[in-house]
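Just below is one structure, and these are the notes that go with it.
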Amino acid sequence: MAQKRIAIVTGAGSGIGKSASLALLKDGYYVGLVGRREEMLEKTAAESAAPDRALVLPADITRDADVERVFSAVKSRFGRLDLLFNNAGMGAPAMPMEDLPIETFREVVNLNVVAMFMCTQHAIRIMKAQDPKGGRIINNGSLSAHVPRPMSAAYATTKHAVSGLTKCISLDGRKDDIAGCQIDIGNA
């Protein structure tokens, strides 16, 4: 019997995260659906080919305790983690950077970088300890990391940071069979 494949997708209630979750469920994965709005996660699970393999995990991944709860729930339920798709993210209103409220900038950094880092830490801990060890971490970057748009300082800055984090995951994870990669999608 083949081993179960386990994934976590952040931002799984809509857009790219929802589409990725549905594709993983269709491909036989058990998927932890993570997002702030439980009703949206429930809809993703209900629309899937296998709602019994979807684990709805409402959480605000900018909160340490919520991240801990999500990864503990997946480890407790499935015993392992094979794939983390760090998808959740946000932008800021287009405006000159001198007019962007610092709190808005901090919110974007907190979700797009700090939360992604926290989720990555928890995933690596599970992936290193499991048997067989290893896994894959996919980060949702952006073309903005390569070609920023005017008046997008917060978003472009964080997506540059995502590229650096992804490279570090690849380098540091190699010895433990943890692969890191990034997708850079344009408008979606």
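Key figures for this structure:
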quantity: 1.4 Å probe accessible area per residue over segment 88-188, in Å²; calculated: 54 Å²
quantity: Per residue value of the accessible surface for segment 7-76 (all protein chains in place, 1.4 Å probe), Å²; calculated: 46 Å²
quantity: For residue 134, distant residues with modelled amide H under 5 Å away; calculated: 128
quantity: Cα-based reach from residue 18 at 26 Å (exclusive), listing lysines while leaving out same-chain residues under 8 positions away; calculated: 4, 26, 43, 75, 159, 167
quantity: Summed side-chain charge close to residue 56 - residues other than residue 56 whose Cβ falls under 9 Å, Lys, Arg +1, Asp, Glu -1; calculated: -2
quantity: Whole-number percent relative contact order across the chain, with pairs defined as alpha carbons under 8 Å at least 6 apart; calculated: 19 percent
quantity: Under 16 Å from the Cα of residue 133 - aspartates and glutamates, other chains or at least 8 residues apart; calculated: 82, 172, 176, 177
quantity: Fluctuation leader among 165, 100, 22 - the chain, Gaussian network, Cα springs under 10 angstrom; calculated: 100
quantity: Over the chain: helical MRE at 222 nm, DSSP H runs n ≥ 4 each giving -39500 (n - 2.57), nearest 500; calculated: -13500 deg cm²/dmol
quantity: Of all accessible heavy-atom area on the chain, the percent that carbon and sulfur account for (1.4 Å); calculated: 55 percent
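The values are calculated or read from the model by the stated rules, or taken from the named source; none is laboratory data. All values derive from a computational prediction rather than experimental measurement. Quick reminder, even Gly has a Cβ in these numbers, built from the backbone with ideal geometry, and neighbours come from all protein chains shown. Heads up: the accessible areas ignore ligands, DNA and RNA and are worked out on the full protein's heavy atoms, side chains in. Shrake-Rupley method; radii C 1.70, N 1.55, O 1.52, S 1.80 Å.
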